[in-house]
């Protein structure tokens with residue numbers, strides 16, 4: 001892990017009088033990194049801080065060597081929010097053509113990302129008529145436009161069928177192989193095995209950061225979920 | 001600011017509108033129907049009544065319709081996460097606002113041409129000044145409505161709240177714009193209030209255009225309307241935050 005994609009120092013975020021993140025320190029490198037933890041533990045807040053859309057109270061976040069949210073980064077980060085952030089009343093292709101124009105990209109790029117998320121058959125369907133899984137894939141396709149150096153994906157595989165989930169994880173790995181850093185959050189522990197690196201998070205605190213294998217080894221168990229429970233009990 | 005991005009936003013908003021046939025029909029047909037209704041109401045009274053109320057309505061309809069449409073669409077954009085996504089991309093706030101203004105300005109121009117055409121061509125509204133200037137004032141009113149709608153969308157959390165801003169912000173302007181009581185005859189305090197409300201100037205411009213051929217007052221009123229529009233857009237831009245809590 002020589003190149004650090006994300007560097008978080010003493011990050012503090014307070015929302016509604018409650019410190020969601022309190023002086024968090026973190027380094028994330030290349031490959032596919034899974035941010036795992038129960039809902040409400042601060043995953044989305046951390047991802048939003050990395051993308052630079054979260055108001056923070058203290059600390060520093062540097063992404064690809066620049067301060068998070070800086071102008072130079074806006075071309076280089078693909079971001080998928082938890083809700084499918086696409087226009088319901090446009091077709092998949094119209095959505096992608098619009099975001100591609102905003103990024104200054106051509107129509108070839110639209111075809112490429114439609115194929116990447118396997119939506120070619122639905123390209124001319126209006127988004128509101130798609131299933132939940134298809135909508136989130138349309139939203140993911142937007143993030144793939146322009147082959148960003150960092151992908152920040154907030155629970156992109158929720159509610160998808162197992163075949164599709166496997167295909168998307170393969171896609172994340174091929175993007176990582178091509179040189180991108182991929183940060184994926186999930187509250188489903190069985191997705192942990194698919195990541196190169198894991199961040200286990202609870203109540204705004206990182207309990208462990210390591211490969212899935214080493215996390216399991218250290219706890220002496222066979223699955224990440226049990227290792228997580230073990231870490232929680234040891235911290236208590 | 002980047003013209004490519006501004007046009008991308010405008011094109012996208014127009015595509016969305018084109019798909020929504022019902023909204024488009026309401027935006028184009030309802031003003032014409034209401035003006036015809038007004039004409040019909042006054043048909044058996046003396047003919048000057050329609051000439052008195054018609055111009056004010058020509059100023060009001062584009063303003064109200066655009067206020068509603070813009071406040072709801074931008075609220076949706078804030079709520080759905082698409083705004084957050086756009087602001088994480090290389091999109092200037094000005095591109096976003098101007099894109100909306102261009103798209104709705106075009107629709108407003110079409111709406112105003114239809115409403116003015118029906119009023120002047122079919123219903124016999126007497127216009128002493130140039131008809132194109134009447135249309136231009138109507139377009140400016142529509143863009144003003146868009147700017148204010150954009151502004152209030154920042155203060156509403158739901159579409160239900162956004163609609164409530166209509167009686168709160170728009171109806172007082174309608175009451176005080178000189179339609180019911182000429183502004184000079186209002187109690188002093190209310191006259192002073194009406195002097196700082198943009199719709200008063202829009203209605204003044206329309207009434208002047210129907211009464212006289214001299215246009216210098218109209219340009220002055222138009223300048224005030226445009227100043228309010230720019231102010232609304234500037235405040236609207238301040239409510240678009242890249243970072244939110």
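The values are calculated or read from the model by the stated rules, or taken from the named source; none is laboratory data. Every value quoted in this text rests on a predicted model; they were computed, and no experiment measured them. No Cβ is skipped: glycine too gets one built from the backbone with ideal geometry, and neighbour counts run over all protein chains shown.
Results, tabulated for the structure shown:
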{"quantity": "So residue A:30, is it surrounded by 16 or more Cβ atoms within 10 Å (Cβ to Cβ), away from chain B (no Cβ under 14 Å) and within 19 Å of residue A:143 (Cβ to Cβ)", "calculated": "yes"}
{"quantity": "Residue list for the range A:213-236, filter: touching a strand residue (DSSP E or B) at 6+ places or on another chain (Cβ under 7 Å) and without any contact (Cβ under 8 Å) to a residue 60 or more places away in the chain", "calculated": "A:215, A:231, A:232, A:235"}
{"quantity": "So residue A:136, is it more than 9 Å from chain B (Cβ to nearest Cβ), in contact (Cβ under 8 Å) with a residue 40 or more places away in the chain and surrounded by fewer than 22 Cβ atoms within 10 Å (Cβ to Cβ)", "calculated": "no"}
{"quantity": "Residue among B:44, B:51 that is outside any helix (DSSP H, G or I) and away from every other protein chain (no Cβ under 14 Å)", "calculated": "B:44"}
{"quantity": "From the options A:35, A:96, residue that is touching a helix residue (DSSP H, G or I) at 6+ places or on another chain (Cβ under 9 Å), in a strand (DSSP E or B) and buried (at least 21 other Cβ atoms within 10 Å of the Cβ)", "calculated": "A:35"}
{"quantity": "When residues of the range A:78-96 are limited to those that are in contact with a strand residue (DSSP E or B) (Cβ under 6 Å, 6 or more places away or on another chain) and facing chain B (nearest Cβ under 7 Å), the one farthest from residue A:186 (Cα to Cα)", "calculated": "A:79"}
{"quantity": "Residue in the range A:7-26 that is under 14 Å from residue A:151 (Cα atoms), surrounded by fewer than 21 Cβ atoms within 10 Å (Cβ to Cβ) and within 16 Å of the chain's Cα centre (by Cα) present", "calculated": "no"}
{"quantity": "Qualifying residue in the range B:1-16 (condition: away from chain A (no Cβ under 11 Å), loosely packed, with under 15 Cβ neighbours inside 10 Å and in a helix (DSSP H, G or I))", "calculated": "yes"}
{"quantity": "Residue identified as over 21 Å from the mean Cα position of the chain (by Cα), farther than 17 Å from residue A:140 by Cβ and more than 10 Å from chain B (Cβ to nearest Cβ) among A:67, A:107", "calculated": "A:107"}
{"quantity": "Complete set of residues in the range A:70-84 that are under 20 Å from residue A:102 (Cβ atoms) and either over 14 Å from the mean Cα position of the chain (by Cα) or surrounded by fewer than 22 Cβ atoms within 10 Å (Cβ to Cβ) (or both)", "calculated": "A:70, A:71, A:72, A:73, A:74, A:75, A:76, A:83"}
{"quantity": "Answer from B:24, B:57 - the residue that is modelled with pLDDT under 90, within 14 Å of chain A (Cβ to nearest Cβ) and in contact with a helix residue (DSSP H, G or I) (Cβ under 8 Å, 6 or more places away or on another chain)", "calculated": "B:24"}
